[in-house]
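Structure, as structure tokens:
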Amino acid sequence: MRYSLRQLEVFLAAAHYQNITKAAASLSMSQSAASSSLREFESQMDIRLFDRIGKRLKLNELGRQVRSKAESLMEQALELERTLTHHADLGHLNVGATLTIGNYLAVNIMARYVAEQPAARVKLNVHNTREIADNVLNFDLDIGLIEGEIQHPDLLVSPWRHDELVVFCAPDHPLAGTTALTDADLLSANWITREPGSGTRQTFERAMHGLLPQLNFSLELQHTEAIKRAVEAGLGISCLSRLTLSDALHRGSLIELPVPHRNLTRQFYFVLHKEKFISPGIERWRQLCLQD
């Protein structure tokens with residue numbers, strides 16, 4: 001073999017940080033040793049993987065192609081090492097979840113996963129759909145759980161479970177008690193919504209097709225709890241997952257507003273990089289999600 005796993009480690013660190021000094025520090029190497037390793041790797045294969053811009057390294061097209069395959073190869077090498085040495089890192093995962101999933105589903109799944117593998121660590125990163133997809137593409141996450149639709153040639157997106165959005169208001173709102181909202185009701189309301197890039201916002205905009213340019217967006221907030229508090233305060237109406245509203249609807253602090261002529265159903269998805277090695281830990285996480 002004309003290259004070593006250490007050379008791949010240096011290459012991947014340089015691709016991640018786009019700076020050889022930071023890459024070397026992440027691998028506990030000197031800058032000169034990391035630079036030498038990267039130069040030797042490129043020289044042995046007679047290739048160039050980066051464009052050098054001062055001290056900054058920028059992956060070129062070949063570098064981007066090699067990176068995904070190198071990530072997969074390193075994952076398999078680490079999995080082999082763990083199997084051979086029974087290392088305590090077996091089952092460690094970096095999971096990304098969108099806000100609704102992260103707050104209302106992922107924690108319970110994580111608890112069951114860790115109960116099965118007490119030595120495992122699961123790092124849960126909560127962002128919107130767009131950010132989760134970007135982190136999966138960058139190999140910063142092992143797997144993503146998203147509530148929006150994403151299309152990218154390097155991503156494998158597969159269905160997980162169904163969800164439903166609910167339009168709701170405060171008990172003293174003028175629309176409270178309405179049997180079914182009309183389009184005129186939807187247009188007259190002040191809306192408090194999630195931010196662009198979130199899966200909830202994506203589903204809401206699809207459901208409001210034909211009305212969207214005329215809707216009055218009074219507030220855009222990144223957190224569901226903030227949206228619920230704003231609606232309770234009478235600042236407007238909103239639309240969130242039923243998962244996030246069950247307690248408030250049961251208490252009566254928020255009131256559901258039926259919108260039968262608008263489709264507010266959606267799908268949750270798993271998202272993986274197509275070159276990602278599916279470790280036993282990732283596969284078990286997916287199985288636990290499907291049992292939920």
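Observations on the model:
- Wholly enclosed strands (runs of 3 or more DSSP E) of the range 48-147 bearing at least 2 residues over 23 Å from the mean Cα position of the chain (by Cα): 50-53, 56-59
- Residue within the range 102-114 that is without any contact (Cβ under 8 Å) to a residue 40 or more places away in the chain and over 30 Å from Ser241 (Cα atoms) present: no
- Of residues in the range 165-179 being surrounded by 15 or more Cβ atoms within 10 Å (Cβ to Cβ) and among the small types (Gly, Ala, Ser), the one farthest from Arg201 (Cα to Cα): Ala176
- Subset of the range 21-68 (residues that are of a type in the set (Asp, Glu) and within 17 Å of Ser4 (Cα to Cα)): Glu40, Glu42, Asp46
- Count of the range 276-292 residues, restricted to those that are assigned to a helix (DSSP H, G or I), surrounded by 14 or more Cβ atoms within 10 Å (Cβ to Cβ) and not aromatic (Phe, Trp, Tyr), is 6.
- Residues that are touching a residue at least 40 places away in the same chain (Cβ under 8 Å) and touching a Lys or Arg at 6+ places or on another chain (Cβ under 8 Å) occur in the range 207-216; there is at least one.
- Ala33 surrounded by 15 or more Cβ atoms within 10 Å (Cβ to Cβ), of a type outside the set (Asp, Glu) and either more than 22 Å from Phe139 (Cα to Cα) or free of Cβ contacts under 8 Å to residues at least 40 places away in the same chain (or both): no
- Residues satisfying the stated conditions in the range 118-145, i.e. surrounded by fewer than 18 Cβ atoms within 10 Å (Cβ to Cβ) and more than 17 Å from Leu272 (Cα to Cα): Pro118, Ala119, Arg121
- The residue list Pro213, Pro196 contains one member that is modelled with pLDDT under 95, at negative phi, out of contact with any strand residue (DSSP E or B) (no Cβ under 9 Å at 6 or more places or on another chain) and of a type outside the set (Ser, Thr, Tyr), which is Pro213.
The values are calculated or read from the model by the stated rules, or taken from the named source; none is laboratory data. Here the structure is a predicted model, which is why all the values come from computation and not from measurement. No Cβ is skipped: glycine too gets one built from the backbone with ideal geometry, and neighbour counts run over all protein chains shown.
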